[in-house]
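J.: Here's a structure for you.
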Amino acid sequence: PTPTVTATHTSTFTTSAIPYPVLVIYSLTFPTTVAFTDTEMAVKVRIKNQGTAAVPAGVYPFIALYRDRMPTPNGCDLIGEITQILGFSAGLAAGAISEERTATMSVPAVGAHTIGAYVDWECEIIELDETNNISGPVSYTVVGPDLTITSLSVEAPPAVNQPFTMTAELANTGS
C-alpha cells in the first residue's frame, strides 16, 4: 500500500474594525428669504466626524459650497464649479463637531435658489464612505419689489404727436 499524508491546519484569527474618520455636514445655515437689495448673504457650516478615529493633525479638509446645482458624490472627484470654499482647523476628534465656519456669498437674482455643501471633496481624509460627504440642496428665495399701479391719470386728452403729462401712483407689495 502507498502511504498517504493528510495535512490539517486550523487557523483562528480575529479581526477588528480599523478606525477611520467619517465626515458629514452637520449643519448648513443661511436665511431662507433674502432681499434683492442685499448684496451678500452669510452661509454657516459645521461638520461632524461620526467615525471612530480623529481627523489627523495637519490635514485640512475643505467644504465646497454650491449654488443652484448639486454635484453627484462619487468619491474623490469634484464635479462642476464651486461657488465658495471654506477651510476648517485640523484635529477633529471622533464624534466631535467642528467650529462654525462662515462664507459670504453674493446674492443672486430674484427667485428660488438652492445651496449645498460638500466636505472633503478632495479626499484629503481617508474615510470608509466617501459618498456621504454632501448635504443639500436646501432652498431659499431672493425676494424683490412687486410694483402695482394703483392709479393712472392724464391731465387732458393727448393730441397726436404732442407731449402730454401722465401721473402714475405705484405701490410696492413686495419686499
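The values are calculated or read from the model by the stated rules, or taken from the named source; none is laboratory data. Since this is a predicted model, take the numbers as computed values, not measurements. Neighbour counts run over all protein chains shown; Cβ positions are idealised from the backbone, glycine included. To get the accessible areas, we keep the full protein, side chains included, count just its heavy atoms, and leave off ligands, DNA and RNA. Shrake-Rupley method; radii C 1.70, N 1.55, O 1.52, S 1.80 Å.
J.: What pairs can you find where one residue is in the stretch 42-69 and closer than 13 Å to Phe30 by Cα and open to solvent by 60 Å² or more (accessible area, probe 1.4 Å), the other is in a strand (DSSP E or B) and not hydrophobic (A, V, I, L, M, F, W, C), and their Cβ atoms are less than 6 Å apart, with a gap of 6+ or different chains?
T.: Lys44/Thr29; Lys44/Thr102; Arg46/Tyr26; Arg46/Ser27
J.: Where in the stretch 75-130 are there strands (runs of 3 or more DSSP E), lying wholly inside it, with at least 1 residues that are under 15 Å from Gln50 (Cα atoms), at pLDDT 80 or above and not acidic (Asp, Glu)?
T.: 111-119
J.: Which one is farthest from the chain's Cα centre (by Cα) among residues in the stretch 84-117 that are in contact (Cβ under 8 Å) with a residue 60 or more places away in the chain and open to solvent by less than 20 Å² (accessible area, probe 1.4 Å)?
T.: Leu92
J.: Quick check on the stretch 19-41: of everything there that is hydroxyl-bearing (Ser, Thr, Tyr) and either part of a strand (DSSP E or B) or touching a His at 6+ places or on another chain (Cβ under 8 Å) (or both), which residue is least open to solvent (accessible area, probe 1.4 Å)?
T.: So, considering only residues that are hydroxyl-bearing (Ser, Thr, Tyr) and either part of a strand (DSSP E or B) or touching a His at 6+ places or on another chain (Cβ under 8 Å) (or both), the one least open to solvent (accessible area, probe 1.4 Å) is Ser27.
J.: For the stretch 118-157, give me each residue that is of a type in the set (A, V, I, L, M, F, W, C), open to solvent by less than 40 Å² (accessible area, probe 1.4 Å) and more than 28 Å from Ala42 (Cα to Cα).
T.: none
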